[in-house]
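Read the figures in this text as sums done on the coordinates, not as results from a lab. Computed from a predicted model, the values in this text were never measured in an experiment. Methodologically, a virtual Cβ is constructed for each residue, glycine included, from the backbone with ideal geometry; neighbour enumeration extends over all protein chains shown.
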Amino acid sequence: MAVSLELTLSVLMGLLLLLVAGWLTRLEDWRAYAPVGGGGGYGESTGHEEKPGGLTRWLTTVDHKDLGILYTLFGVLAFAWGGITAMLIRVELITPKMDALAGFGGVGLYNALMTTHGITMLFLFAAPAIFGIANYVVPLLVNADDMAFPRINAIAFWILPFATVLMWAGFFLPVFGVSIQAAKTSWTLYTPLATSLPGVGVDMFLLGFHLSGISTTMGGINFIATIVSERDSETVPWSKLDIFSWTILTQGGIILFAFPLLGAALIMMLLDRNFATTFFAAEGGGALLWQHLFWFFGHPEVYILVLPPMGLVSLILPKFAGRKLFGFKFVVYSTLAIGILSFGVWAHHMFTTGIDPRLTASFMAVSLAIGIPSAVKVFNWITTLWNGKLRMTAPMLFCLGFIQNFIIGGVTGVFLAAVPFDLVMQDTYYVVGHFHFIVFGAIGFALFAGLYYWFPMMTGRMYDRSMAVWHFWLSIIGGNVTFIAMLILGYGGMPRRYATYLPRFMTWHDVATVGAVIMFVGQLLFVWNFWQSFQYGKRVESGDPWNLEEEGQFTNEWNWFADKQQTMLADGGEDEAEAETAD
């Protein structure tokens with residue numbers, strides 16, 4: 001009966017998604033709303049003159065700016081869930097034994113929290129948040145009216161809530177008496193554990209993961225088509241394409257080759273679980289086949305997530321340094337080099353699996369080589385800052401924090417790329433510390449920089465700047481305390497993924513938990529600041545809130561915003577009876 005129930009749920013969810021997709025594509029009222037001032041074709045309209053109001057607008061919109069906001073809000077929601085699960089994990093690790101979670105599921109709940117934390121932060125927070133910023137600003141940067149495929153853009157977003165429900169369902173359905181448990185496989189889904197764990201919850205998790213990959217693939221293709229074919233080639237030739245759009249274009253190319261493989265591997269795993277196939281069984285392809293397939297996708301996925309943040313820093317940092325980006329062409333070439341080399345490093349995750357030493361040597365060489373274009377970017381950012389007129393705004397602070405965290409994360413990654421070092425540190429907390437310096441310390445900080453930088457454009461209001469500075473300092477201090485403690489734990493031999501540990505590791509686990517609490521407080525300030533500022537923040541009256549025109553760095557998206565502000569003034573403005581936050 002268990003197999004029958006799993007198949008029934010999988011088929012029903014697939015049919016539901018097909019019905020939703022068909023309904024969205026055939027709904028005649030789903031026009032590409034292009035309000036006056038939308039995209040590069042300012043003053044033109046390709047659909048309704050005005051968007052519908054209320055909830056209908058957000059449920060039926062295909063405007064890239066609206067979808068950018070929806071993606072961003074979804075990312076913030078996922079970020080909240082990922083942060084809560086991280087705090088539950090850290091609270092449990094305060095003591096060596098199973099204490100805090102003992103009465104709520106024990107080790108099983110810990111494994112489930114660890115699984116959902118990893119998947120949520122990578123695929124439901126980082127990727128949607130990047131797509132949110134890119135959806136809003138890339139068409140404006142390239143002077144396009146909208147994304148190349150507005151409806152596909154909307155469908156790609158609306159797949160995500162369905163995928164998320166499937167992936168998180170195991171935590172909430174038991175509350176309503178449904179005996180489905182959350183997946184406890186870890187986010188890497190290693191076999192034979194992932195193929196042998198019983199329960200519908202794992203199948204729902206795999207299906208949700210697959211759907212999120214479909215959404216990402218649709219978005220990546222759309223960005224490629226937009227930048228290549230919708231870009232205004234007269235005003236934005238390839239030679240003048242901004243660095244953020246270059247990174248989004250490269251990201252789309254990596255997505256195009258990496259995510260279909262992930263989808264195929266997930267389907268193979270579902271077949272193994274439900275139809276007794278042997279793709280990853282010992283008598284078939286074996287457990288190592290999954291690792292090869294997963295990491296051939298998984299390491300390019302790291303660059304799918306880190307390249308756009310690199311583009312954000314390369315775009316934003318010069319604005320507050322008073323200088324143009326140093327070595328622009330080299331930054332572009334290094335971006336393309338990372339995109340190509342990213343497909344040749346996957347086996348450095350498998351140095352301890354017993355693969356041929358000749359192969360490990362070649363993968364070590366490529367893994368070390370991919371650090372060169374990353375180092376080029378770091379030197380270009382530092383040179384851009386040299387003798388610049390620095391303005392320590394919130395976006396600038398997070399850009400600087402990104403560089404510091406990226407250097408630490410990058411250097412620790414170079415060590416892990418060396419076979420002798422990796423043999424000792426594989427599957428220890430050293431890897432966890434390295435990865436978190438990249439995922440939160442680099443990707444997260446760059447996303448914060450982008451959100452603070454374009455918040456006035458997206459909302460028409462300014463956030464509380466002092467609270468944004470507090471957000472930065474709590475994040476940078478808490479992050480370094482936590483992740484450096486993890487590196488030290490790894491040096492001491494603490495294995496990753498363990499719910500219990502030897503008492504000698506307790507001190508540094510407690511230090512990591514203190515840092516996590518500091519970080520968590522910072523993120524609470526971030527969410528509160530954005531919500532309050534969105535509702536009651538001081539209205540932005542100027543089309544140039546960052547004084548970019550004085551520095552000769554007034555880019556296309558701010559031109560659009562300035563025109564929009566002028567149009568609002570000509571129409572009489574908006575209600576000014578709004579509460580203002582402290583500057």
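In terms of modelled amide H atoms, which long-range or inter-chain residues lie less than 5 Å from the amide H of R461?
V540
I'd like the GluC sites (Glu not before Pro) in the stretch 49-124 restricted to DSSP loop residues with at most 15 other Cβ atoms within 10 Å, sorted by number. If you can, show how the numbers build up before the last one.
Details: sites: E49, E50, E92; in loops: E49, E50.
Taking the stretch 49-124 and a limit of 15 other Cβ atoms within 10 Å, the loop GluC sites (Glu not before Pro) found are E49, E50.
Checking the a/c ratio against 1.5 first, then a/b against b/c, what shape does the Cα gyration tensor give for the stretch 146-230? The partial results should precede the final answer.
Numbers: a/c = 4.95, a/b = 2.13, b/c = 2.32.
Oblate, because a/c is 1.5 or more while a/b does not exceed b/c.
Once each part is reduced to its C-alpha centroid, what is the distance from the stretch 320-373 to the stretch 445-481 in angstrom?
Taking the Cα centre of the stretch 445-481 as reference, the centre of the stretch 320-373 is 29 Å away.
Which loop GluC sites (Glu not before Pro) in the stretch 228-327, with loop taken from DSSP, have no more than 13 other Cβ atoms within 10 angstrom of their Cβ?
On the way: sites: E230, E234, E283, E301; in loops: E234, E283.
When the GluC sites (Glu not before Pro) of the stretch 228-327 are filtered for loop state and at most 13 Cβ neighbours within 10 Å, E234, E283 remain.
Trypsin sites (Lys or Arg not before Pro), restricted to the stretch 314-411: which are DSSP loop and have at most 10 other Cβ atoms within 10 Å?
Values: sites: K319, R323, K324, K329, R358, K377, K389, R391; in loops: R323, K324, K389, R391.
Counting only loop positions with at most 10 other Cβ atoms within 10 Å, the trypsin sites (Lys or Arg not before Pro) in the stretch 314-411 are K389.
Beyond 21 Å between alpha-carbons counts as too far, so tell me which of K65/K240; K329/K377; K324/K377; K240/K377 fall in that bin.
Numbers: K65/K240 23 Å; K329/K377 11 Å; K324/K377 14 Å; K240/K377 19 Å.
Check vs 21 Å cut-off fails for K65/K240.
Restricting to Cα pairs below 8 Å that are 6+ residues apart, what does the relative contact order work out to for the stretch 389-563? Please round to a whole percent. Each step should come with its number before you reach the end.
On the way: 212 pairs, mean separation 46.4, N = 175.
Computed over the stretch 389-563, the figure is 27 percent.
Against the longest principal axis of the chain, how steep is helix 127-141, in degrees 0 to 90 to the nearest 10, with axes from Cα atoms?
Tilt relative to the chain: about 20 degrees.
Would you indicate which of [x] 29; [y] 13; [z] 24 is the value of percent of Cα pairs over 46 Å apart derived from the coordinates of this structure?
The value computed from this structure is option [y].
Quick one: angle between helix 106-119 and the longest Cα principal axis of the chain, in degrees between 0 and 90, rounded to 10, please.
40
Along the Cα-to-Cβ line of I94, 7 Å from the Cα, sits a label point; which residues in the stretch 106-126 have backbone N less than 18 Å from it?
Zone members listed by number: 106-107, 110.
Quick query: amide H of T428 versus all other amide H atoms, modeled in the peptide plane; which residues come in under 5 Å with a sequence gap of 5 or more or a different chain?
Under 5 Å from the amide H of T428: R496.
Restricting to Cα pairs below 8 Å that are 6+ residues apart, what does the relative contact order work out to for the chain? Please round to a whole percent.
On the way: 924 pairs, mean separation 80.3, N = 583.
For the chain, the relative contact order is 14 percent.
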